[in-house]
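Participant: Next up is a structure, given as structure tokens.
Nothing in this text is a laboratory measurement; each read-out follows from the coordinates by a stated rule. Since we're looking at a predicted model, the values are computed, not measured. Cβ coordinates were reconstructed from backbone atoms using ideal geometry, including for glycine residues, and neighbour counts include every protein chain displayed.
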Amino acid sequence: MSILVSKLRQSTAAAVLALTTAAFAGDALAKDLTITVWAGGSNDSDVYRLDAIEMAADILSREYAIAGEDLNITVEKKRDFAGWEEFKQAVTLAAEAGSAPNIVVTSHLDIAPWSQSGLIVPVEDYVDMDTWPINNIYENLLDITTYNGVVYGLPQDAESRPFFFWRETMKKIGYTDEEIDALPAKVEAGEYTLQNVLEDAKKAVDMEIVEEGYGFYPRVSNGPDYAQFYQSFGGELMDSETGKLILDKQAMTEFYQFFVDAVEAKVTRKNHIGTEWDQWYAEVAAGKAALWHGGTWHYARYTGKEGLDDFFGNIQFSLIPAGNENGQANTITHPLAYLLTKQDDEDDIEIAAQLIKIASEPRINTLHAIKSAHLGIAREQSNIELYANDRWAAEATRRLLPHANAQPNNPNYGKFSEIMFKGLETAWTGTKSPADAVAEVEAEMTAVLGDDLIVR
């Protein structure tokens, strides 16, 4: 089997010729193989994270058959995890028991800790990174799946986290259709800031267009979205030279103060954190909130389960606005990635690597992108009619991705994010002032992160 797999790393024509020759020489082999793939954070819209591997297995088996070899691949799929923590725990426990899934679809933030623990292996050791379709993947996405100069995974999707406006509410507080259409450009240029967000949200509440607490309706739990607001006030997440994480106390204080101001202005609820996600989705899709933030994949939920018939007629979207002159409009992409786990049988890893390579081809990835309202991973996807003709995919790609950055591949970033959000929550709920909350964040980050933290 290893001989056959090694031939797959050659050019397709050469590999087919070699394998066909071997077959006619009487050296044909047969192999029955089970490949397991587990996907975290996935729902009914994200089935192609798993189904793409099944499609790839069918293609690879057909290629082997044409070359005179029998490769029978059974793909076992699993996505029914209670949440991200349960998924990660299941992967870790399976690895400790020697039964890790061959392929995991997970956050790029897992690359640093899982590579250090030996749970995953570099994808660049098993596929030629200079060949199609990998050489067509956006370089910034491949950078995100790289740790210490080594490419550990292939991006499975891309996304972004925009700011949203309910058009009818914006019109009722005084905006024309033309002004609403111009908002994304004004946000990008720094001409519409988070201060304007508070002003418009307060108008909507004061005019009783929306209820108190629904002028600005944020995410209900921790997530990459909140790092965007830190960046809006000039905060940096990681030092590019050292790879260390950065606590900018001034930016963090102003970030916290913004949400305190939102509560005090009665445009955001004091007890908003912890709201049920189903409630949140239903409310924003029904126009109950004036302004909010979320993910590009929310489009699928709004237009699907929530029954929003005319997304573009009801909703405008942009980058997250700048908070002050030190920051800028921004958005964070948080792509999931295909990762290969360490296995006793190298042939299993080789085949799994070929499957994620095939699953990354533009037409296959586009099925996932459009069904789940994610963004494509490769340039050629703009040539796929399904992608090119989808207004959401086209506009979100053009408007958001050029400005997207990612959370750092630092093994301690998860702790950084948790501490940052805990501080935000104490300020948001009035338990501590923003300054006191940041002081507590500094103390905890210093204790937990040690030399991996730069304090400014």
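Participant: Measuring from centroid to centroid over Cα atoms, what is the spacing of region 62-120 and region 385-448 in Å?
Facilitator: Measuring centre to centre over Cα atoms gives 27 Å.
Participant: Right, next: As I understand it, the value is the acute angle between the Cα axis of helix 48-66 and the longest principal axis of the Cα atoms of the chain; what does it come to in degrees, rounded to 10?
Facilitator: In the chain, helix 48-66 runs at an angle near 20 degrees to the longest axis.
Participant: Can you give the extra length, in nm with one decimal, that the chain gains between GLU385 and ARG398 once fully stretched, where that is 0.36 nm per residue apart less the Cα-Cα distance?
Facilitator: Details: separation 13, 0.36 × 13 = 4.68 nm, distance 1.63 nm.
Contour length minus the Cα-Cα distance gives 3.0 nm.
Participant: I would also like to ask the following. Quick one: 3J(HN,Hα) in Hz for region 415-432, Karplus 6.51/-1.76/1.60 with θ = phi - 60°, rounded, Gly and Pro as x.
Facilitator: Result, ordered by residue: 5, 4, 5, 5, 5, 4, 5, 4, x, 4, 5, 5, 6, 4, 7, x, 5, 9 Hz.
Participant: Report the chymotrypsin sites (Phe, Trp or Tyr not before Pro) located in region 175-264 that are in a DSSP loop and have at most 11 other Cβ atoms inside 10 Å of their Cβ, or state none.
Facilitator: Working: sites: TYR175, TYR192, TYR214, PHE216, TYR226, PHE229, TYR230, PHE233, PHE255, TYR256, PHE258, PHE259; in loops: TYR175, TYR192, PHE233.
Of the chymotrypsin sites (Phe, Trp or Tyr not before Pro), not one in the loops of region 175-264 has a Cβ with at most 11 other Cβ atoms within 10 Å.
Participant: While we're here: So if R0 is 30 Å, what FRET efficiency would GLU418 and ASN148 give, r being the distance between their Cβ atoms, rounded to the nearest 0.05? Intermediate results must be reported in sequence, preceding the final value.
Facilitator: Values: r = 23 Å, r/R0 = 0.77.
With R0 = 30 Å, the Cβ-Cβ based efficiency is 0.80.
Participant: Excluding same-chain residues fewer than 8 positions from LYS31, which lysines have a Cα within less than 19 Å of its Cα?
Facilitator: Straight-distance partners of LYS31: LYS7.
Participant: If you don't mind, another one. What distance in nm separates the simple spin-label points at SER433 and ASP70, each placed 7 Å from Cα in the Cβ direction?
Facilitator: Between SER433 and ASP70, the label points sit 7.7 nm apart.
Participant: What angle do you read, to the nearest 10 degrees and between 0 and 90, between the alpha-carbon axis of helix 249-264 and the longest principal axis of the chain?
Facilitator: In the chain, helix 249-264 runs at an angle near 60 degrees to the longest axis.
Participant: Where both partners of a DSSP beta bridge lie in the chain, what percent of those bridges are antiparallel, to the nearest 5? Write out the running numbers ahead of the final one.
Facilitator: Working: 24 of 43 bridges.
So the antiparallel bridges amount to about 55 percent of the total.
Participant: Quote to one decimal, in nm, the extra length available between ALA443 and ASP128 on full extension: 0.36 nm per residue of separation minus the C-alpha distance between them. Please list the in-between numbers first.
Facilitator: Details: separation 315, 0.36 × 315 = 113.40 nm, distance 4.54 nm.
Extra length from ALA443 to ASP128 when fully extended: 108.9 nm.
Participant: For helix 12-24, report the angle its Cα long axis makes with the longest principal axis of the Cα atoms of the chain; keep it between 0 and 90° and round to the nearest 10°.
Facilitator: The answer is roughly 30 degrees.
Participant: Turning to a different aspect of this structure: Restricting to DSSP H runs of at least four residues, report the calculated mean residue ellipticity at 222 nm for the chain, -39500 (n - 2.57) per run over all residues, nearest 500 deg cm²/dmol. The partial results should precede the final answer.
Facilitator: Working: 20 runs with 211 residues, N = 456.
Computed mean residue ellipticity for the chain: -14000 deg cm²/dmol.
Participant: Enumerate the aspartates and glutamates that LYS342 could reach by cross-link, defined here as Cα to Cα under 13 Å, with residues fewer than 8 away along the same chain left out.
Facilitator: Correct list for LYS342: GLU96, ASP125, GLU350.
Participant: Roughly speaking, what is the centre-to-centre gap between region 314-358 and region 260-279 when only Cα atoms are used, to the nearest Å?
Facilitator: 29 Å
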